[in-house]
Amino acid sequence: MKKCLNNKQFHFLFAAVIAVISAVMLDAAVYVEKGVDGNGSKSFEIGQLPLKLGGVSPFSKGTMATFVVREEARDFPDIKFKDAAGTDLTLNNWKGKVVLLNLWATWCAPCRREMPALDRLQAAMGGDNFEVVAVSIDRKGVEAVEAFLTEVGTKNLKTYIDKTSKIARDVEAFGMPTTILIDRNGKEVGRMIGPAEWDSSEAKALITAAMRDKLIMVKAQ
């Protein structure tokens with residue numbers, strides 16, 4: 001005779017399944033949506049990440065469930081991009097701040113859905129200690145990027161762009177959007193591939209923990 005699981009058994013089984021899924025996601029690309037840019041180029045396809053991120057944090061839950069924290073803060077490439085006026089920038093311009101670096105493109109459908117949440121996050125938490133830096137990899141230039149930001153209704157995000165897309169290769173971003181959390185010393189502490197509700201309470205808690213140097217990782221077994 002078949003037996004039904006009681007509540008305790010069900011919750012144990014559910015937790016085990018989630019743990020297995022999380023372990024698999026540590027080594028695989030989490031999300032990519034295919035798209036086409038204005039030059040006919042396709043967005044990055046689903047693929048294997050060539051790096052071991054580490055594990056999850058107690059803050060990797062809810063809307064941040066797929067945010068993966070590094071075992072140790074990692075030296076970050078010396079990336080270069082420009083602002084709307086064409087001024088050359090690097091992350092050294094934000095040294096001393098926690099930065100949420102978001103790589104996106106106007107032809108990326110998930111980016112369109114995510115951008116308003118990033119804008120609201122900047123409005124709520126941006127300041128002397130934290131900033132959202134959203135860098136477009138569009139080849140069409142500043143005009144296309146600013147038109148997009150106006151269309152989706154952003155008011156707090158500044159225009160940053162890398163028309164060469166070199167930044168995506170340098171940081172090993174294998175999908176758009178990719179969002180990377182950078183600590184005050186300019187090192188990567190974790191990242192998420194795919195869109196997220198960045199103005200959610202879970203996202204704000206994760207960023208607050210990073211600002212307080214309390215983004216603890218639980219190593220994958």
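When you look at LEU91, is it touching a Gly at 6+ places or on another chain (Cβ under 6 Å) and in contact (Cβ under 8 Å) with a residue 12 or more places away in the chain, yes or no? Spelling it out, LEU91 is indeed touching a Gly at 6+ places or on another chain (Cβ under 6 Å) and in contact (Cβ under 8 Å) with a residue 12 or more places away in the chain. Here THR164 fits the description: out of contact with any Cys (no Cβ under 7 Å at 6 or more places or on another chain), free of Cβ contacts under 8 Å to residues at least 40 places away in the same chain and closer than 21 Å to ALA84 by Cα.
Of the residues making up segment 134-149, those that are among the aliphatic types (A, V, I, L, M) and either farther than 16 Å from ARG112 by Cβ or touching a Phe, Trp or Tyr at 6+ places or on another chain (Cβ under 8 Å) (or both) are ALA134, VAL135, ILE137, VAL142. Provide a single number: the residues in segment 187-207 that are touching a Pro at 6+ places or on another chain (Cβ under 9 Å) and aliphatic (A, V, I, L, M). Residues in segment 187-207 being touching a Pro at 6+ places or on another chain (Cβ under 9 Å) and aliphatic (A, V, I, L, M): 3 in total. Assess whether ALA147 counts as being modelled with pLDDT of 95 or more, over 24 Å from ALA73 (Cα atoms) and among the small types (Gly, Ala, Ser). For ALA147, the condition - modelled with pLDDT of 95 or more, over 24 Å from ALA73 (Cα atoms) and among the small types (Gly, Ala, Ser) - is met.
Scanning segment 137-168 for residues being buried (at least 19 other Cβ atoms within 10 Å of the Cβ), under 24 Å from LYS95 (Cα atoms) and more than 18 Å from the chain's Cα centre (by Cα) gives a total of 0. Among the residues of segment 127-136, are any in contact (Cβ under 8 Å) with a residue 40 or more places away in the chain, under 16 Å from the mean Cα position of the chain (by Cα), in a loop (DSSP other than H, G, I, E, B) and crowded, with 18+ Cβ neighbours inside 10 Å? Scanning segment 127-136, I find no residue that is in contact (Cβ under 8 Å) with a residue 40 or more places away in the chain, under 16 Å from the mean Cα position of the chain (by Cα), in a loop (DSSP other than H, G, I, E, B) and crowded, with 18+ Cβ neighbours inside 10 Å, so the answer is no. Of the set (1) surrounded by fewer than 22 Cβ atoms within 10 Å (Cβ to Cβ); (2) within 18 Å of LYS97 (Cα to Cα); (3) touching a residue at least 40 places away in the same chain (Cβ under 8 Å), all apply to VAL171 but (2).
Checking each residue in segment 153-203 for being farther than 15 Å from ARG112 by Cα and basic (Lys, Arg) picks out LYS158, LYS163, LYS166, ARG169, ARG184, LYS187, ARG191.
Here the condition is being closer than 16 Å to VAL69 by Cβ and surrounded by fewer than 23 Cβ atoms within 10 Å (Cβ to Cβ); of MET211, MET192, it holds for MET211 alone.
Determine, yes or no, whether THR154 is among the polar types (S, T, N, Q) and under 30 Å from LYS214 (Cβ atoms). Yes; evaluated as a whole, the condition is true for this residue.
The listed residues are ALA134, ALA124, ALA196, and the only one of them that is farther than 16 Å from LEU101 by Cβ and among the aliphatic types (A, V, I, L, M) turns out to be ALA124.
The values are calculated or read from the model by the stated rules, or taken from the named source; none is laboratory data. What you see is a predicted model; the values in this text were computed from it and never measured. A quick note on method: Cβ atoms are made from the backbone with ideal geometry, for glycine too, and the neighbour counts reach across all protein chains shown.
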